[in-house]
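Engineer: This is the structure, below, for whatever I ask next.
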């Protein structure tokens, strides 16, 4: 067994692709060197969606009261419309929300919602937990919607059935889009029986696979060396990472690594590291009550003033302004909204 695994590690290190996944692989690889184990694990876990958990799930019935501006959350949203129509605006594009399609908004995607009549829909909130791998929601550009057949509807209904009491208590995003409610909703998974958590994960995989089928990788990295470097950055994003440290992974010269990054990512390695650190800071600002200084320090920015300047340079606002602006959402007034039994976004 060990000799076969060593041959396999050798093939992977030579750039050959290894397909399949086994949760026992980390145990089997322990007798191998750390580098060989890392190579096997990194290939296996290239598309690991086990980090997705369900936050909320429910059915909502609206009448002109699904109207919001500036919604921007650290989790993804899925909608399956039963009746009626609505619109979702992302930047300059407006997308219809209508029966026959499964719709998704990735995390940290500012959007506006508009409903001028009746709307009945299922809603799901999914959170991708931080990991050492490249987050799927960052690695791909997803379509806003994909066709939904009868089975998609059955999957969503089954998800609601095995996850009772996961509805939104209020439809106002401010009421649930905050650190306290995010942690409470994450903890809601703990109380579910193990078999329900397994089934929930399976359904989420099936629903996400429909979007992955039509998704486009943000960067097609034909050079596997670049993907290994990016994985390393993801696994060590909390600590200082030097250019020499990265070029030693490939291995190649510092100048060659910079050229690869500029060609494929349009950023130098250090610029890319800072982008990823600021992305994590955005998540921490919305999901933790830590001070700006503590967040900066946890990401190895020991000069808080520099961290604030870099954050503003990359996002357009200071960390405190970012936290304030995303903790409140504007409700658009509507004409004679009806009170409904359930509401959700």
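The values are calculated or read from the model by the stated rules, or taken from the named source; none is laboratory data. A quick note: this is a predicted structure, and the numbers were derived from the prediction, not measured. Glycine gets a Cβ as well: all are built from the backbone with ideal geometry, and neighbour counts include every protein chain shown.
Engineer: Let me spell it out: the conditions are (1) touching a residue at least 12 places away in the same chain (Cβ under 8 Å); (2) part of a helix (DSSP H, G or I); (3) under 23 Å from residue 62 (Cβ atoms), and residue 175 meets all of them except one. Which number is the exception?
Structural biologist: It is condition (1) that residue 175 fails.
Every residue, every condition in (1) at pLDDT 95 or above; (2) within 30 Å of residue 227 (Cβ to Cβ); (3) in contact with a helix residue (DSSP H, G or I) (Cβ under 6 Å, 6 or more places away or on another chain), yes or no:
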residue: 123; (1), (2), (3): yes, no, no
residue: 129; (1), (2), (3): no, yes, no
residue: 135; (1), (2), (3): no, yes, no
residue: 138; (1), (2), (3): no, yes, no
residue: 148; (1), (2), (3): yes, no, no
residue: 154; (1), (2), (3): yes, no, no
residue: 159; (1), (2), (3): yes, no, yes
residue: 169; (1), (2), (3): no, no, no
residue: 174; (1), (2), (3): no, no, no
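Engineer: Give just the number: which of (1) over 21 Å from the mean Cα position of the chain (by Cα); (2) surrounded by fewer than 19 Cβ atoms within 10 Å (Cβ to Cβ) does residue 97 not satisfy?
Structural biologist: That leaves (2) as the condition not met.
Engineer: Is it true that some residue in the range 96-113 is without any contact (Cβ under 8 Å) to a residue 12 or more places away in the chain and out of contact with any helix residue (DSSP H, G or I) (no Cβ under 7 Å at 6 or more places or on another chain)?
Structural biologist: yes
Engineer: Of all residues in the range 50-87, how many are over 26 Å from residue 278 (Cα atoms) and within 19 Å of the chain's Cα centre (by Cα)?
Structural biologist: 3
Engineer: Out of (1) in contact (Cβ under 8 Å) with a residue 12 or more places away in the chain; (2) surrounded by fewer than 17 Cβ atoms within 10 Å (Cβ to Cβ); (3) under 24 Å from residue 290 (Cα atoms), what's the single condition that is false for residue 158?
Structural biologist: Result: residue 158 passes all but (3).
Engineer: Take residues that are over 20 Å from the mean Cα position of the chain (by Cα) and either at pLDDT below 90 or outside the structural domain of residue 287 (by TED's automatic domain parsing) (or both) and tell me which of the helices (runs of 4 or more DSSP H) falling wholly in the range 180-253 contain 3 or more. Before you say what the answer is, go through the steps one by one.
Structural biologist: Working: elements: 194-212, 224-235, 243-247.
Qualifying helices (runs of 4 or more DSSP H): 194-212, 224-235.
Engineer: Follow-up. Being more than 16 Å from residue 139 (Cα to Cα) and assigned by TED's automatic domain parsing to the domain that holds residue 158 is the requirement here; does residue 256 meet it?
Structural biologist: For residue 256, the condition - more than 16 Å from residue 139 (Cα to Cα) and assigned by TED's automatic domain parsing to the domain that holds residue 158 - is not met.
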